[in-house]
Amino acid sequence: MCRRRFVLLLLILVGGLSARVSKVQADQSSNVPLNILFIMSDDHTSQAVGAYQRRLAKLNPTPTIDELARGGMLFENAFCSNSICTPSRACVISGRYSHITNTRDLDDTLAPKFHTLPRQLRSAGYQTAVIGKWHLTNEPADFDFYCVLPGQGKYFDPFFQVRGDKPWPDSLMQVKGKHSTDAITDLTLDWLKNQRDASKPFFLMHHYKAPHDFFDYAPRYESYLADDEIPIPDSMWRTSPKFGSRATVGSNGEIATIIGTSVTRRNPFRNYTHMYADDDALSDKAAAKLAYSTYLKKYLRCVKGVDDNLKRLLDYLKNEGLFENTIIVYTSDQGMMLGEHDYIDKRWMFDESMRSPLIVHCPKVIPAGKRTDAIIENIDLAPTLMDFAGVKTPAEVQGESFRTLCETGAEPEGWKQEAYYRYWMHVAHHDVPAHLGIRTKKFKLTYYYGMDFRDRGKPRTPPGWELYDLVKDPQELNNVIDDPSYADTVMELKRRLAEKRAAIGDDGSESAAVESVIQEFWDYDQRDRAEADEIAEAYLTSRQGRRRYIPGENKHDK
């Protein structure tokens, strides 16, 4: 009996010791720095992500991304502050708005002093890497490793600029025989397998070119959606008489045909029937349907390629035991107009363009299956990732960390209640007028002021205001700026817009001429409206005789 009691006592002691060791190991693992995998696609709009349950969800384009959303937190109201590639990416890297970093359009660069996110994480002991699209001109020197597309890059047989023996940007390598989405994933997997320093946490930016225009998908997706009917947005047919303003359609619809690249033949100079349904025998509606279906299928085939490749990447993390201890962010640099309001491309402040998909996943710290309508701006991504890494955010960063929101699911007290937006270019590339505004949970106020930030003199297109009630009108069909029942709302939102501009330093110092026009048409009284009508007439006259445009022929179609 004594021997049996001794063995039993020994087992109890060993069991207790094992339990204490397990607890110590768990406590130690909780102090292990989190890896960060930041995944960004290009122009992947939320209506083409199944988890958002918007109009394209039934096509099931993103099962891998949807699974990531089920295991983490999905952000319903994540917005970029300037819906175009270079400025948006600059906001992410710097945590600052476009006017602070001087990255307002596609020709601007992001100065190295603003490469805040990789620099801060690298200084904190993270191994840093960026693979895929960079699009910020200057060398990503604060990354230990980079392998990035030159500019926009190619879909097939892509070249990459790499950290090597030759100075930036001359150190090039080419991946032959592959689509860029496959090549970028292969390069990332190779870095994880062969170059990652397991003694350090990693910060890896994995950036796809897809699904950027012109949607050149890998040949294996040719049959994907071939027999499916793609749902057309009702707003593409422009049946709402209250849509738009003097700035976007004119006082009597007179400039509707020359503002915004269209799917239909609405804009006779810039439309997608030229590319995908160039047949005069087709009726306007038939040509529009054919063009829409063709270009949407191409777009979604690029999305499918992204999703399939993400499965490869996430499966590797799971197999290597890295998945649980890695913060995975999935987002896009901006959204994309997919025929809504008969617009294509991005640039617009409409939700389809301004909203970016945003999913944050980490089983260790973020509860699964959460959704939030808290307003997030892309300048908030850098301070949030620095916060998760235990890195102090520099005081000059304008974004705010939403780490506690990720961890608790509760919007922090005092959190921002509006997102600021400003598109600085003017009727360039896709005939989109310059504009600024704020987006709250209930309303969107947009002010088109008719000038490029480099312009002098008078506006080139008519200034105008638009207000959309997002609760009653989530598709932004009815501009209620002149509805008397919204008069108090207009006054309040204009006040908040002015205060927001002042708070973030968008004070017009880059151009006194432009700021003068912004202030001149701010109240938008009858005199302002009459002048806007004169500007519209002059602009319409200036556009007469314009040559037909086929998307893709212009070097600036980025």
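Read-outs throughout are calculated quantities, based only on the coordinates presented, and are distinct from any laboratory measurement. This one's a predicted model, so the numbers in the text were calculated from it and none came from an experiment. Here the Cβ is made from the backbone with ideal geometry for all residues, glycine too, and neighbour counts use every protein chain on show.
Points worth noting:
- Peptide packing: for 478-484, 378-384, 465-471, the average count of neighbouring Cβ atoms within 10 Å per residue gives the ranking 378-384, 465-471, 478-484, highest mean first.
- Residues whose amide H lies under 5 Å from that of Val432, counting only those 5 or more places away or on a different chain, are Gly260, Val427; hydrogens are built 1.01 Å from N in the peptide plane.
- Considering only the chain, percent of DSSP beta bridges that pair antiparallel, nearest 5: 50 percent
- Maximal additional length on extending the Glu531-Val32 stretch stands at 173.4 nm, based on 0.36 nm per residue less the C-alpha distance.
- Peptide ranges 442-453, 402-413, 221-232, 197-208 listed from the most packed, as the mean C-beta count within 10 angstrom indicates: 442-453, 197-208, 402-413, 221-232
- One entry in (i) 104, 51, 49; (ii) 75, 72, 49; (iii) 89, 49, 38 is Cα extents along the principal axes in Å calculated from the shown coordinates; its label is (i).
- Taking Lys and Arg as +1 and Asp and Glu as -1, the other residues whose beta-carbon sits under 14 Å from that of Leu540 total -1.
- Rounded to 10°, Cα long-axis angle of helix 526-543 versus longest principal axis of the chain: 90 degrees
- Coupling constants for segment 239-251 follow from the phi torsions by the Karplus curve (6.51 cos²θ - 1.76 cosθ + 1.60, θ = phi - 60°), and in residue order they are 8, 7, x, 9, 6, x, 8, 4, 6, 10, 10, x, 6 Hz; glycine and proline get x.
- Dipole in debye (nearest 20) - the chain, about Cα centre, beta carbon charges: Lys, Arg +1; Asp, Glu -1: 1960 debye
- Crossing angle, helix 85-94 versus the chain [Cα axis fit, 0-90 degrees, rounded to tens]: 40 degrees
- Gain on full stretching of the segment that runs from Asp228 to Lys318 - 0.36 nm per residue minus C-alpha separation: 29.1 nm
- What the Cβ-Cβ distance of Trp237 and Lys113 gives, at R0 = 45 Å and to the nearest 0.05, is a FRET efficiency of 0.40.
- For segment 279-419: rounded, prolate or oblate by the Cα gyration tensor [a/c cutoff 1.5]: oblate
- FRET efficiency, 1/(1 + (r/R0)^6) with R0 41 Å, evaluated for Phe269 and Met491 via beta carbons: 0.60
- For segment 315-383 and segment 147-191, distance of Cα centres in Å: 24 Å
- Rounded to the nearest 20 debye, dipole of segment 154-257 from Cβ charges on Lys, Arg, Asp, Glu: 500 debye
- Each residue of segment 315-321 is assigned a 3J(HN,Hα), and the resulting list reads 4, 4, 4, 5, 5, 8, x Hz, derived from the Karplus form 6.51 cos²θ - 1.76 cosθ + 1.60 (θ = phi - 60°), x at Gly and Pro.
- Gap separating the Cα centres of segment 73-138 and segment 479-538, nearest whole Å: 29 Å
- Axis angle, to the nearest 10 degrees, between helix 487-504 and the longest C-alpha principal axis of the chain: 60 degrees.
- By average C-beta atoms within 10 angstrom, highest first, the peptides 264-276, 84-96: 84-96, 264-276
- Shape of segment 71-193, Cα gyration tensor, a/c cut at 1.5: rounded
- Label-point separation, Lys458 to Asp279 (7 Å along Cα→Cβ), nm: 4.6 nm
- CD proxy at 222 nm, helix term only [per DSSP H run n ≥ 4: -39500 (n - 2.57); per residue of the chain; nearest 500]: -10000 deg cm²/dmol
- In this Cβ point-charge picture (+1 for Lys and Arg, -1 for Asp and Glu), segment 321-478 has a dipole of about 260 debye about its Cα centre.
- Each of Phe79, Phe160 was scored by other Cβ atoms within 10 Å of its Cβ. Arranged with the fewest first, they read Phe160, Phe79.
- Amide H within-cut-off set for Ala78, under 5 Å, with H built and near neighbours excluded: Ser356, Ile376
- Taking Cβ atoms as reference points and 15 Å as the exclusive limit, the residues near Leu187 contribute a net charge of +4, counting Lys and Arg as +1 and Asp and Glu as -1.
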